[in-house]
Amino acid sequence: MPELPEIETIRRSLDPLVVGRRIERVRVRRRDLRSPLPPDFEATLSGRRITGTSRRAKYLLLALDDGKQWLVHLGMSGRFLRLAADDASTGSHEHVAVDLDDESRLAFRDPRRFGLMLVVNPGECGLLAGIGPEPLDDADFSGAYLVSLRARTSRVVKEVLMDQRVVAGLGNIYVNEILFLAGIRPTRRMPRLTRLECDALVSATRTILTEAIEHRGSSISDFLDGIGRPGSYQWRRRVYDRAGEACPSCSHAIRSTVVGQRSSFFCPRCQR
DNA sequence: GTAAACCTGGCA
DNA sequence: TGCCAGGTTTAC
């Protein structure tokens, strides 16, 4: 489900509601997430105050008053919801509930359990260590950067953009959209990209992500933000999951194929 | 590099 | 019944 725009949308929706709140109690129903919840998870969170929120790639980070960070990844099907005091719903897959001092609770729900949560020391988390530049905030993500990658890999461009070590936060929906906007087929090999195309990819990445955040993410099957609202970017999708439909630019039928084990969508006329 | 694995739900 | 899904890691 959630890529950079969805996680950023969750962060923005939660920030004003959770910053300053104290964690009163942590209730765990299932520990066997993608990586099991550590035995001291409850103890490290209980009693802490949330001092800020941030995001790195697809990780939501909640800063705690002891200097540690509560790290949340939602995998494919995860939700992270702030529920008001009078909301007794448990959801069918609410694996963790964190009670705050204003009677609200933060609920981690994830049917497929591809998500994970950890409390880490900033800078000591292996999961964050190898992640590439943030496409919206980091000038290191540039045409020159992609040009420098051309010589080091023969992989296809779609796999490269989805590689979190190359650039942070992109997933299958948005890479399809980015490649369409840049006019490049998902199957093009990196060494064959021109300098202009590398520039176009960086520009398209920033455009698509900015648009998607403005529309508060894509709710294609089940994404909700931190207070249960769907996003609306699914209505603005150009190619993702639109096989057979008309290209918004030239009306040619959008085609689908599989690249790197993931469904890919492109316009054979607009993308070369 | 490529494929399979993790897990559940939804849909044809 | 079988296939597909917004992600990531691990194994040939």
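The values are calculated or read from the model by the stated rules, or taken from the named source; none is laboratory data. Please read all numbers here as calculations on a predicted model, not as lab measurements. Cβ placement follows ideal geometry from the backbone for every residue including glycine, while neighbour counts extend to all protein chains displayed.
Quick notes on this one:
Residues checked against (1) small (G, A, S); (2) under 23 Å from A:Q164 (Cα atoms):
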{"site": "A:D32", "(1), (2)": "no, no"}
{"site": "A:S35", "(1), (2)": "yes, yes"}
{"site": "A:P39", "(1), (2)": "no, no"}
{"site": "A:A43", "(1), (2)": "yes, no"}
{"site": "A:G47", "(1), (2)": "yes, no"}
{"site": "A:T53", "(1), (2)": "no, yes"}
{"site": "A:K58", "(1), (2)": "no, yes"}
{"site": "A:L64", "(1), (2)": "no, no"}
{"site": "A:W70", "(1), (2)": "no, yes"}
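- Within the set A:R206, A:R269, A:R195, A:R255, the sole residue that is basic (K, R) and within 16 Å of DNA strand C (Cβ to nearest atom) turns out to be A:R255.
- One residue from A:R206, A:R216 being among the basic types (K, R), part of a helix (DSSP H, G or I) and under 25 Å from the mean Cα position of the chain (by Cα): A:R206
- Listed by position, the strands (runs of 3 or more DSSP E) enclosed by the range A:1-75 that each have at least 3 residues that are more than 16 Å from DNA strand C (Cβ to nearest atom) are A:23-28, A:50-56, A:59-64.
- Residue-level check: of (1) of a type outside the set (S, T, N, Q); (2) within 14 Å of DNA strand C (Cβ to nearest atom); (3) touching a Phe, Trp or Tyr at 6+ places or on another chain (Cβ under 7 Å), A:A129 misses just (3).
Yes/no matrix, rows are residues, columns are (1) in contact with an Asp or Glu (Cβ under 6 Å, 6 or more places away or on another chain); (2) surrounded by 15 or more Cβ atoms within 10 Å (Cβ to Cβ):
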{"site": "A:E8", "(1), (2)": "no, yes"}
{"site": "A:P16", "(1), (2)": "no, no"}
{"site": "A:R25", "(1), (2)": "yes, no"}
{"site": "A:S35", "(1), (2)": "no, no"}
{"site": "A:R56", "(1), (2)": "no, yes"}
{"site": "A:A63", "(1), (2)": "no, yes"}
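- Residues in the range A:218-233 that are touching a helix residue (DSSP H, G or I) at 6+ places or on another chain (Cβ under 8 Å), more than 6 Å from DNA strand C (Cβ to nearest atom) and more than 10 Å from A:S13 (Cα to Cα): A:G231, A:Y233.
- The numbered conditions (1) farther than 25 Å from A:G47 by Cβ; (2) outside any loop (DSSP other than H, G, I, E, B) are all true for A:H95 except (1).
- Filter result for A:R82 (away from DNA strand C (no atom under 15 Å from the Cβ), over 26 Å from A:T207 (Cα atoms), modelled with pLDDT of 95 or more and not in a helix (DSSP H, G or I)): yes
- Options A:R27, A:R48, A:R31, A:R55; residue that is in contact with a Lys or Arg (Cβ under 9 Å, 6 or more places away or on another chain), among the basic types (K, R) and over 19 Å from A:P122 (Cα atoms): A:R27
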